[in-house]
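Scroll down for the structure; my scribbles are underneath it.
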Amino acid sequence: MTTEEKIFNAARIVFQKKGFAGARMQEIADEAGINKAMLHYCFKSKELLFKAIFMNAFGQLAPQINAIFYSPDTVFDKIKKFTHSYISFVILNPYLPQFVIQEMNNNPEFVMAFLNYENRPNPAILIAQIEKEIANGIIKPVNPKQLLVDIFSMTVFPFAAQVMLKGMIQISDSEFNQMMEERKTSIAEQIINSIKK
C-alpha cells in the first residue's frame, strides 16, 4: 500500500468518526502510521486532503451513474438503479454530503471544479428519455428536470441532515442506517408510482 493510500484510508476513518470539522491532521497521521510532517508533505491542509478524497470518491461514483444514464434500461429501471447506487455510495462515504453543502456555501470554486469533472454524470440522455416515455404514454406529463430534482433531493437530504433527522424522529445510528438501506427501494417505488401512467 502506498503512503497516499494509507493516508486516504486513515482520513476516511477519521472523517467518518469525527466529521470534517472535528477531524485533526494529527489523528489522521496516527491512523495512517506516519508522522504529521509526512502527512503535511503530501497534503498541505485538511481541506486539500478532503478535496482529494472527495474527487477520488466522486471519480468512482461518476462512472456508475453514467453507466445507468447511458444504459438501454427503461426510466423506471434507471430510477431503481440510481437510488440503489447513490445510497450505497453515501453509506460508505457518509461524511461527503455535509462537506459538499459546507463547500457550496464557503468555497463555490471547489463545487464548480467537480461539476466540471470531465467524466461527471450527464443527465441529458436521461432527460431526453423521460420526454420520449412521456410522449409514448408510459410516464405522466412531468417536467423531467423537476423529476431529477425530486430523485436527488430524496436521496441526498437524509444524509445531509442526518443529525437533525435522528434527533427529530428519535432514532439511533443503527435505525438510521436501516432506514437508509430501505430507502434504496422505497424512494424508487414512490417516484415510479407517482409518474407511472
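Listing for the model above:
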{"quantity": "Of residues in segment 81-96 being polar (S, T, N, Q) and not in a loop (DSSP other than H, G, I, E, B), the one farthest from K140 (Cα to Cα)", "calculated": "S88"}
{"quantity": "Some residue of segment 121-135 being touching a strand residue (DSSP E or B) at 6+ places or on another chain (Cβ under 8 Å) and charged (D, E, K, R)", "calculated": "yes"}
{"quantity": "Residue ranges of helices (runs of 4 or more DSSP H) in segment 1-80 with at least 3 members at pLDDT below 85", "calculated": "3-22, 46-70"}
{"quantity": "Residue, surrounded by the fewest Cβ atoms within 10 Å (Cβ to Cβ), within segment 108-126, restricted to residues that are in a loop (DSSP other than H, G, I, E, B) and at pLDDT 75 or above", "calculated": "N122"}
{"quantity": "Residue list for segment 46-91, filter: surrounded by fewer than 16 Cβ atoms within 10 Å (Cβ to Cβ) and under 19 Å from E4 (Cα atoms)", "calculated": "E47, L48, M55, N56, G59, Q60"}
{"quantity": "Cross-chain or 6+ apart pairs with Cβ under 7 Å, segment 1-30 first and in contact (Cβ under 8 Å) with a residue 40 or more places away in the chain, then hydroxyl-bearing (S, T, Y)", "calculated": "F15/Y95; Q16/Y95; G19/Y95; F20/Y95"}
{"quantity": "Those residues of segment 139-180 which are under 24 Å from I127 (Cβ atoms), not basic (K, R) and not in a helix (DSSP H, G or I), in sequence order", "calculated": "I139, P141, V142, N143"}
{"quantity": "Matching residues in segment 180-197 - criterion: being in contact with a strand residue (DSSP E or B) (Cβ under 8 Å, 6 or more places away or on another chain) and either under 14 Å from S88 (Cα atoms) or of a type in the set (V, I, T) (or both)", "calculated": "I195"}
{"quantity": "Members of segment 133-180 that are farther than 22 Å from I68 by Cβ, touching a residue at least 60 places away in the same chain (Cβ under 8 Å) and surrounded by 16 or more Cβ atoms within 10 Å (Cβ to Cβ)", "calculated": "Q162"}
{"quantity": "So I138, is it in contact with a strand residue (DSSP E or B) (Cβ under 9 Å, 6 or more places away or on another chain) and either farther than 20 Å from T74 by Cα or assigned by TED's automatic domain parsing to the domain that holds Y86 (or both)", "calculated": "yes"}
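The values are calculated or read from the model by the stated rules, or taken from the named source; none is laboratory data. Keep in mind that what you see is a predicted model, and the values were worked out from it rather than measured. For neighbour counting, all protein chains shown are included, and Cβ atoms are generated from backbone atoms with ideal geometry for every residue, glycine included.
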